[in-house]
Every structure is written in C-alpha cells, then in structure tokens.
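The block underneath contains the structure these notes are about, expressed in structure tokens.
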Amino acid sequence: MSIIILLIFIGIITKGTNQDRRRSDIFKKVITAYVGISVLAGLLSSGGFVPIAVIGFLIWYFTRKKQRSEKSRWQEWQESYEQGRRNAADQKASYSHSYGGQQASAGYRENSENRTNRGQYSKTQPNPMSKVESALLARPIAKRKKVIQEFNGKYDLTLTDAEVQRIAEASYVSEGWKREVEAMTQKYDTVGQWFQGPTGWLRVYIYVFRIQNISSDFVMQEQICTEALDEAVAYGCEPDGLSIDERVSLINKRYFTCFDEMSFMIAWRFLQQRGREHKMTQPDLVRNVDDDLEELEKKYREGA
C-alpha cells in the first residue's frame, strides 16, 4: 500500500505543467503525511507502550522548545530596543543626512540605510532596500499586516489599508519600520507607554493626526512628521499667556487632531532637539488676581 501511495505521489509531481510549483507546494504536504504515517505504523507495530511514550516525549520536547524560542525572541527584542535607545543620542550628534537639500537625522539605526545627495550609496552605507531580518515578526506579509491592523483598531490610529500595506512592506527593508511593527506586537497599559522611546515623534504623529502621510523611507518619514508637528506646535505656542491645555485645545480645533498634554510635550521636546524651539509664555496668575480684585472693587463702589 505504501509503495502505491509513493508511486502516485511521484506521478503527480512529474506530470503536467507547472512542475516546479507542484514540487514546492505538494511535496511538503504529501511527503510530510507519508513519512508521518510510515513512522506511526512502525511505532504501532513495536508494541503499545513504546509509541505512546515516544509521542508523549515528542510533544513535551517541541512544546518546551517553542516556549524557549518565544522567550529568547522577546529578550532579543528588549536588548535590541534598549541598545537603540542608548545609541540614539550619540548617532544624532555624530551623523546627519541630507535629504532633498534639507538636513534630517534618522533618529536611530535607519541612518545607515539612506541615499546620499547624488542618488548613489556610499561605501559605508548599505543599500537601503536590503533585506532586514526580524526575530519577532512572521515572514508572511499577511501576518505583519494583521499585527498593524489590530494595533490600528485598538488605538484608533486611522491608518488606511494602503498605509498599512506600505508599512508592512517597508518592515522587510527598513530597520526603522521593522522596529515599529515589532513594537506593535507588545502590550501597553496606556497609549502613553507606546509613545516612549526614540521614535516617540513618529508615534505621536500617527496617533494625533487623523490623516497621515506615510513613507516607506524612514528618513523621509521623519521629515514629514517634523514639518507637521512643527506647524501644529507653532500655532499653539503663538498666543501669549495660555496654559498648555488651552494651547492643546487651539491646535485640536484648528487641525482636527487629538493632542493631549503628554503628546503635545513630546512633540514640543522633539522639535526643541531639532533646533525648532517655540517659546511658551505661561499665564500670569498674580496679574490676573489683581485685575479681578480691581474689577470687584470698582463694582462695589458703583453699587454703593
């Protein structure tokens, strides 16, 4: 019987068209089933206890191996993330990149993957479209899109299907976008936890703006975020004597955003580090109290 099954299998993969596709698709499934049935039949013929013990051992072994693999991948991501945070400040000071005639820094390791002004790659810069490996993300793009879509729905990021597709595709070739998708696989108690890290500027931009502009090039993405955040923060800081909450309210009404105090301050600090400092004059509480007292005193005298 086993010989007949094997002959049928060989006939399927050698006859007809698209033989390469048949070999790649059918071979894995059929040969796995064939070998599995053969091994199981051999075990059953050797007695009742032996096959049960072997199967139990295999289940225990592969379960333990999977748990260790998941733990190792999580530790690797943590170490890589912390290393990126430690190197962010040094890289920002030591390396800058000109994109379209304007200076922009990539925030962290993405700097090594960008074009020079002449449209060529320097000797020290690898091709930005080179393959990027991830220990946390599955290889099929459908699974990466699912990660982004679930995160998008959970935190109401309003990313479109096209933008989700673009981010998923960029995660294969961009170190920056790969890390962002990896971060979306983690659990956060609040959205503020997600904001933390060297790319808080990007996460704030994606969260507060209802309409985003997403680029697969991470340096270009930083430039996009910088310009959008700069315009919004500059508008909020223009009036004198307002509290932060009042400034946030002005921005949200003008740009239909959802800034809060935390996201506003992250954006303000980011722009300050980029040399785009916006002064904020705080309300003069003493002056306001004196004005109120004078007004009450005036009303009292008029009433008397």
- Within 10 Å, count the other beta carbons around each residue, average over each peptide in 206-214, 150-158, and list them highest first. 206-214, 150-158
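Determine, for each peptide in 250-262, 227-239, the mean count of other beta carbons within 10 angstrom over its residues, then list the peptides with the highest first.
Numbers: 250-262: 16.3, 227-239: 17.8.
Highest to lowest by the protection proxy: 227-239, 250-262.
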- Note on the structure: Expected vector for region 193-198, Karplus 3J(HN,Hα) from phi with 6.51, -1.76, 1.60 and θ = phi - 60°, integer Hz, x for Gly and Pro, equals 5, 5, 5, 5, x, x
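What relative contact order, as a whole-number percentage, does region 218-282 give when Cα pairs under 8 Å and 6 or more residues apart are counted? It would help to have the intermediate numbers written out before the result.
Numbers: 47 pairs, mean separation 26.1, N = 65.
About 40 percent, as a whole number.
Could you tell me which of the pairs Lys154/Lys178; Lys143/Lys178; Lys143/Lys253; Lys187/Lys279 are separated by over 25 angstrom between their Cα atoms in the structure shown? All intermediate terms of the calculation are to be shown ahead of the outcome.
On the way: Lys154/Lys178 20 Å; Lys143/Lys178 13 Å; Lys143/Lys253 37 Å; Lys187/Lys279 36 Å.
Among Lys154/Lys178; Lys143/Lys178; Lys143/Lys253; Lys187/Lys279, the Cα-Cα distance tops 25 Å for Lys143/Lys253; Lys187/Lys279.
Residue separation times 0.36 nm, minus the C-alpha to C-alpha distance between Cys258 and Leu296: what's the value? Each step should come with its number before you reach the end.
Values: separation 38, 0.36 × 38 = 13.68 nm, distance 3.79 nm.
Residue separation times 0.36 nm, minus the Cα-Cα distance, leaves 9.9 nm.
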- Query: If the label point is 7 Å along Cα→Cβ of Gln272, which residues in region 191-208 have backbone nitrogen under 12 Å from it?
  - Reply: none
- Note on the structure: The percentage of the accessible area of region 149-201 (probe 1.4 Å, all protein chains present) made up of carbon and sulfur atoms, to the nearest whole number, is 46
- Project the alpha carbons of region 214-272 onto their principal axes and report the range along each, largest first, in whole Å. 39, 23, 18
- Note on the structure: Expressed in angstrom and ordered largest first, the alpha-carbon extents of region 149-230 along the principal axes are 30, 30, 23
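For region 145-304, what is the accessible area per residue in Å² when the probe is 1.4 Å? The partial results should precede the final answer.
Details: 8390 Å² over 160 residues.
For region 145-304, the solvent-accessible area averages 52 Å² per residue.
The values are calculated or read from the model by the stated rules, or taken from the named source; none is laboratory data. Every value quoted in this text rests on a predicted model; they were computed, and no experiment measured them. Here the Cβ is made from the backbone with ideal geometry for all residues, glycine too, and neighbour counts use every protein chain on show. The accessibility values were calculated without ligands, DNA or RNA, using every heavy atom of the protein model including side chains. Shrake-Rupley method; radii C 1.70, N 1.55, O 1.52, S 1.80 Å.
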